[in-house]
Amino acid sequence: MTALASTTAAIMVGAALLEALLPWPARFRPGATVPLLARLGHKVYRPDGSPSQQRQAGLLALLVVWVPCAAGLWAVRNLSLSEPLFDLLFLLLMLESRPLRELAQGSRALATQETLVVARLQAASWLRRETGALSVMGLNKAVSETCVLRLVGQWAGPLLGFALAGVQGALLWRLAQLMNQAWSPKQAEFVHFGRAASALYQGLCAPAILLLALPLALTRLRQLGGKLRLALRWPYPAMGGLLSLLAQSTGCRLGGPRYYQGQLVRLPVLGDGSEPDAALPRRLLHRLLLIGWGWLGLSLILTLMALTHG
């Protein structure tokens, strides 16, 4: 039992379970560092520089954030009395799915015509798009897409990073998500500066998206080719593919036009079902979490079999 508890699979399952059950103050969550990273970005990037200089500054900012964090993590882990316990607590710190469940639950309660203004205010801090003109249906769609996108970066990504490279992998996956959120190219000042963080984040999240999408794709192999053509026109094709599969599996429509910084951006409509309702964000989260827990359970079973036969 002791040997099993110190395995990578057991640590991942334990951290995910504790994160799902234990309340965690917002100020101690990694998401609380986004304003600090945004402030750092405003100090580093050069508004009078050329696009190439801004991209170089964005790449430098990545190293400025990641290298000290990775070195500090390596030093602290070497001083810990129990490395498996340290890994468990650190991975627990990196995971952040509870705020998304709270967002989905709050959106479900407020997404009515009578409380639409309050619902817009609640969702504004989560969305990069403009929320002032969103209808109830548009708000449900926006929150649904945000919950999917954030769950990949805040939960599935760090778990996969830990499986591949331990605590350093989990740190890299989560830092990439935080820097992409703070320096999003959707913001006018970070159009070029945030390209490096966005590319790193998209590259790291692609394997996690593939694992989450695989069970959904296996049940729709015949329609897969035609449905994914639209997803390839999404700014982030891997995420577009996952959203397309989720739209098909839930019988709803995602995507479509939205406003960023006052500009209308037309994205393809994914799915051909009904318009999203207030319960859709919660359904999408539950579906993805169920798939994620399936992979975690499979890894634990395989680890147990290896220990038993070994």
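The values are calculated or read from the model by the stated rules, or taken from the named source; none is laboratory data. If you're wondering where the values come from, they're calculated on a predicted model, not measured in any experiment. Using ideal geometry, Cβ is built from the backbone for each residue, glycine included, and neighbour counts are taken over all protein chains shown. Keep in mind that these areas ignore ligands, DNA and RNA; they rest on the heavy atoms of the full protein, side chains included. Shrake-Rupley method; radii C 1.70, N 1.55, O 1.52, S 1.80 Å.
Numbers below:
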{"read-out": "Surface accessible to a 1.4 Å probe, per residue, for the residues of the chain, Å²", "value": "49"}
{"read-out": "Cα-only Debye scattering, segment 104-250: base-10 log of I(q)/I(0) at q = 0.10, 0.11, 0.13 Å⁻¹", "value": "-0.40, -0.48, -0.67"}
{"read-out": "Extension reserve of the residue 36-residue 102 stretch, reckoned as 0.36 nm per residue once the Cα distance is removed", "value": "21.4 nm"}
{"read-out": "Nitroxide proxy distance, nm - points 7 Å out along Cα→Cβ at residue 121 and residue 83", "value": "5.1"}
{"read-out": "Dipole-positive endmost among 69, 88, 271 within the chain (Cβ charges, Cα centre)", "value": "271"}
{"read-out": "Area of residue 189 that stays accessible when all protein chains are in place (1.4 Å probe, Å², to 10)", "value": "60"}
{"read-out": "Value of [θ]222 nm, deg cm²/dmol, for the chain, DSSP H segments ≥ 4, -39500 (n - 2.57) each, nearest 500", "value": "-23000 deg cm²/dmol"}
{"read-out": "Per-residue HN-Hα couplings for segment 245-257 [Karplus 6.51, -1.76, 1.60; θ = phi - 60°; Hz; x = Gly/Pro]", "value": "5, 5, 4, 5, 6, 9, x, 10, 10, 10, x, x, x"}
{"read-out": "The chain - charge dipole about Cα centre, Lys and Arg +1 at Cβ, Asp and Glu -1, debye rounded to 20", "value": "640"}
{"read-out": "For segment 19-141, convex hull volume per residue from C-alpha positions, Å³", "value": "153"}
{"read-out": "Estimated FRET transfer efficiency when R0 is 51 angstrom, pair residue 4-residue 189 (beta carbons, to 0.05)", "value": "0.55"}
{"read-out": "Extension gain (nm, one decimal) between residue 56 and residue 263, 0.36 nm per residue minus Cα-Cα", "value": "71.9 nm"}
{"read-out": "Listed candidates (i) 19.9, 63; (ii) 24.3, 75; (iii) 24.5, 94 - label of the one calculated as Rg and Dmax of the Cα atoms in Å", "value": "(i)"}
{"read-out": "Sites residue 302 and residue 279 - FRET efficiency at Förster radius 41 Å, r taken between beta-carbons, to 0.05", "value": "0.75"}
{"read-out": "Probe 1.4 Å - accessible area at residue 115, Å² to nearest ten", "value": "40"}
{"read-out": "Carbon + sulfur, % of accessible area of the chain - ligands and nucleic acids excluded, 1.4 Å", "value": "65"}
